[in-house]
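First up is the structure itself, then whatever we jot down about it.
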């Protein structure tokens with residue numbers, strides 16, 4: 001290699017004092033996020049990394065973050081990289097800065113390089129290392145490391161799909177989540193933007209630091225995302241770049257992560273995740289994924305404008321059911337709280353008698369239309385009010401009532417505790433329905449997909465309006481729908497034209513499909529797309545496609561797809577240590593009324 005150490009010419013910016021291991025955690029950090037194109041030679045990449053370390057230090061950064069494979073190139077035998085890694089650690093020590101960086105190398109006997117992540121501290125010591133699980137399925141699971149006392153976690157690119165890497169450390173206390181990536185150029189979807197990173201920040205209330213490669217094969221767009229999902233810094237497209245942001249650790253409350261891990265339904269799942277990550281056994285449960293007839297399903301997403309009048313809302317639902325039936329839809333889907341509207345005072349005013357009468361009227365309308373219907377209204381149970389989804393069959397029978405788990409408005413709603421009630425079937429196809437913020441809790445989508453769901457219906461009444469809210473919904477829905485399902489996501493339309501408008505809303509409903517994800521990915525790896533990609537509202541090679549998307553006003557969207565016999569989602573197989581955990585979670589969220597009994601796992 002060209003060099004084994006960078007020259008020590010007195011560069012000694014003592015920008016921050018050394019911090020003892022037992023010192024209190026820092027309250028703020030200035031972070032420099034690098035995006036860089038990997039060069040063919042190892043020496044070239046080493047020089048670029050050290051130059052970025054110097055530049056970040058000159059900008060008074062405490063941490064500099066570099067992308068997946070930054071320290072790579074020829075030669076790439078593991079032994080060849082040791083002097084280069086030592087040079088980077090020495091540069092970290094001289095600049096008094098933490099360096100979070102990725103590299104790739106081959107160990108003896110390996111046919112191709114594997115990716116890894118390392119963190120060097122301001123003393124020049126390596127304090128964290130993990131091998132990418134996608135490359136080495138049986139590698140040790142990473143945990144928490146600390147930067148100036150602040151708990152952090154890290155992942156490499158596609159390992160973001162593996163929840164034990166992405167989120168178990170957050171549940172254990174990590175407040176900064178680093179991702180080092182080498183995303184392909186086609187992974188940047190302009191309509192979705194930072195669609196993996198914003199929802200992760202929001203569903204955990206942590207900082208997400210994304211460092212990506214640049215160059216013709218990648219797309220750049222490195223970013224610092226705040227715990228509320230806002231962008232604090234963003235890199236440019238396809239150029240070497242360094243962006244900086246100062247983060248306030250006090251804002252990384254992990255509030256939503258704690259709410260998820262403390263949820264009565266999900267608590268044991270997250271508790272078991274820590275055990276599985278640490279190599280402990282977790283209870284086996286009888287579990288067989290549900291199967292489906294491979295039939296076509298036509299969905300009508302009825303983006304309805306809601307009034308304060310229950311009678312008016314039911315009349316609109318009846319009319320839209322009739323229209324959907326004329327279009328030969330199998331199932332029509334309305335927003336959450338479509339019966340009462342979403343104003344607090346109207347929700348609270350709806351009595352048991354009023355709601356019972358409304359349910360009878362809707363069931364009769366569904367029977368006349370001869371169509372499945374999914375809709376929302378309050379559910380009163382044991383003196384508690386729930387934000388519920390109701391599903392009625394073509395004969396008017398009530399198939400299920402599901403109470404939202406991830407309550408959006410705790411002032412008027414209590415959380416549901418019966419995940420089995422989210423399940424129903426349309427033409428024999430296993431389906432789940434969720435409400436509003438359930439979509440943000442993406443473990444629900446993942447675990448129900450593992451349990452066999454072929455369709456995921458999410459109904460919401462989002463009172464946040466405007467371009468930022470619309471993008472946030474789209475990003476959250478794209479995450480939710482990316483578990484190989486056919487997924488209608490329905491929001492209320494703007495009620496501004498109603499004589500008695502309910503709460504503000506601005507639509508943006510969508511129907512998603514991710515039923516043939518492998519084909520999309522394989523084509524994307526070759527630089528191609530599916531022949532009909534231009535028919536989609538949003539084509540996304542590594543996530544669900546948005547088939548069709550609504551504007552802000554009242555309208556009905558239609559889409560037809562043939563579902564698979566089994567949901568083929570298989571990311572969990574890449575992380576064998578955690579497979580029992582995923583299966584346990586799928587069992588927790590399964591429809592135990594339908595699962596056949598099997599022998600207890602040993």
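The values are calculated or read from the model by the stated rules, or taken from the named source; none is laboratory data. Just so it is clear, the model here is predicted, and its values are computed rather than measured. Positions of Cβ are generated from backbone atoms using ideal geometry, with glycine treated the same way; all protein chains shown enter the neighbour counts.
Could you check segment 46-84 and list, in sequence order, the residues that are buried (at least 19 other Cβ atoms within 10 Å of the Cβ), in contact (Cβ under 8 Å) with a residue 40 or more places away in the chain and closer than 21 Å to residue 109 by Cβ?
69, 72
Of all residues being within 15 Å of residue 238 (Cβ to Cβ) and in contact (Cβ under 8 Å) with a residue 60 or more places away in the chain in segment 160-188, which is surrounded by the most Cβ atoms within 10 Å (Cβ to Cβ)? Just the residue, please.
Across segment 160-188, the extreme among qualifying residues is 181.
Which ones in segment 537-547 are surrounded by 18 or more Cβ atoms within 10 Å (Cβ to Cβ) and in contact with a strand residue (DSSP E or B) (Cβ under 6 Å, 6 or more places away or on another chain)?
Once the filter is applied, which keeps residues that are surrounded by 18 or more Cβ atoms within 10 Å (Cβ to Cβ) and in contact with a strand residue (DSSP E or B) (Cβ under 6 Å, 6 or more places away or on another chain), segment 537-547 yields 538, 539, 544, 545, 546, 547.
Identify, from the list 284, 250, 279, the residue that is loosely packed, with under 14 Cβ neighbours inside 10 Å and farther than 23 Å from residue 176 by Cβ.
So the residue among 284, 250, 279 that is loosely packed, with under 14 Cβ neighbours inside 10 Å and farther than 23 Å from residue 176 by Cβ is 279.
Can you tell me which residue is modelled with the lowest pLDDT among those in segment 109-162 that are in a loop (DSSP other than H, G, I, E, B), farther than 27 Å from residue 484 by Cα and out of contact with any helix residue (DSSP H, G or I) (no Cβ under 8 Å at 6 or more places or on another chain)?
Applying the filter and picking the extreme gives 109.
Mind listing just one residue for me: the one in segment 146-159 that is farther than 23 Å from residue 73 by Cα and crowded, with 24+ Cβ neighbours inside 10 Å and, of those, nearest to the chain's Cα centre (by Cα)?
Within segment 146-159, the match that is nearest to the chain's Cα centre (by Cα) is 153.
Would you pick out the residues in segment 483-500 that are farther than 19 Å from residue 520 by Cα and in a loop (DSSP other than H, G, I, E, B)?
491, 492, 493, 494, 495, 496, 497, 498, 499, 500
Looking only at segment 79-102, which residues are under 36 Å from the mean Cα position of the chain (by Cα) and either more than 19 Å from residue 54 (Cα to Cα) or at pLDDT below 95 (or both)?
If the condition is that a residue be under 36 Å from the mean Cα position of the chain (by Cα) and either more than 19 Å from residue 54 (Cα to Cα) or at pLDDT below 95 (or both), then 81, 82 are the ones that fit.
Looking only at segment 463-482, which residues are in a loop (DSSP other than H, G, I, E, B) and surrounded by fewer than 24 Cβ atoms within 10 Å (Cβ to Cβ)?
463, 464, 465, 466
To keep it simple, each residue is scored yes or no on (1) in contact (Cβ under 8 Å) with a residue 40 or more places away in the chain; (2) in a strand (DSSP E or B).
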| residue | (1), (2) |
| --- | --- |
| 512 | no, yes |
| 521 | no, no |
| 546 | yes, yes |
| 558 | yes, yes |
| 566 | yes, no |
| 572 | yes, no |
| 577 | yes, no |
| 584 | yes, no |
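If you take the residues in segment 120-136 that are closer than 24 Å to residue 276 by Cα and in contact with a strand residue (DSSP E or B) (Cβ under 7 Å, 6 or more places away or on another chain), which one is surrounded by the most Cβ atoms within 10 Å (Cβ to Cβ)?
This residue is 132.
Failed condition for residue 22, given (1) modelled with pLDDT of 95 or more; (2) not assigned by TED's automatic domain parsing to the domain that holds residue 244, with all others met?
Only one criterion is unmet by residue 22, namely (1).
Could you tell me which numbered condition residue 506 fails, if it satisfies all but one of (1) modelled with pLDDT of 95 or more; (2) farther than 22 Å from residue 296 by Cα; (3) touching a strand residue (DSSP E or B) at 6+ places or on another chain (Cβ under 9 Å)?
(3)
One line per residue, one yes/no per condition, for (1) in contact with a strand residue (DSSP E or B) (Cβ under 8 Å, 6 or more places away or on another chain); (2) farther than 22 Å from residue 34 by Cα; (3) surrounded by fewer than 17 Cβ atoms within 10 Å (Cβ to Cβ):
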position: 88; (1), (2), (3): yes, no, no
position: 94; (1), (2), (3): no, no, no
position: 114; (1), (2), (3): yes, no, no
position: 138; (1), (2), (3): no, yes, yes
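Which numbered condition trips up residue 374, out of (1) within 24 Å of residue 488 (Cα to Cα); (2) in contact with a helix residue (DSSP H, G or I) (Cβ under 9 Å, 6 or more places away or on another chain); (3) touching a residue at least 40 places away in the same chain (Cβ under 8 Å)?
Just one mismatch for residue 374, condition (2).
Restricting to segment 287-306, name every residue that is buried (at least 16 other Cβ atoms within 10 Å of the Cβ) and in a loop (DSSP other than H, G, I, E, B).
Passing the criteria: 287, 289, 290, 292, 304, 305, 306.
Among the residues of segment 431-450, are any more than 18 Å from the chain's Cα centre (by Cα), surrounded by 23 or more Cβ atoms within 10 Å (Cβ to Cβ) and under 24 Å from residue 290 (Cβ atoms)?
yes
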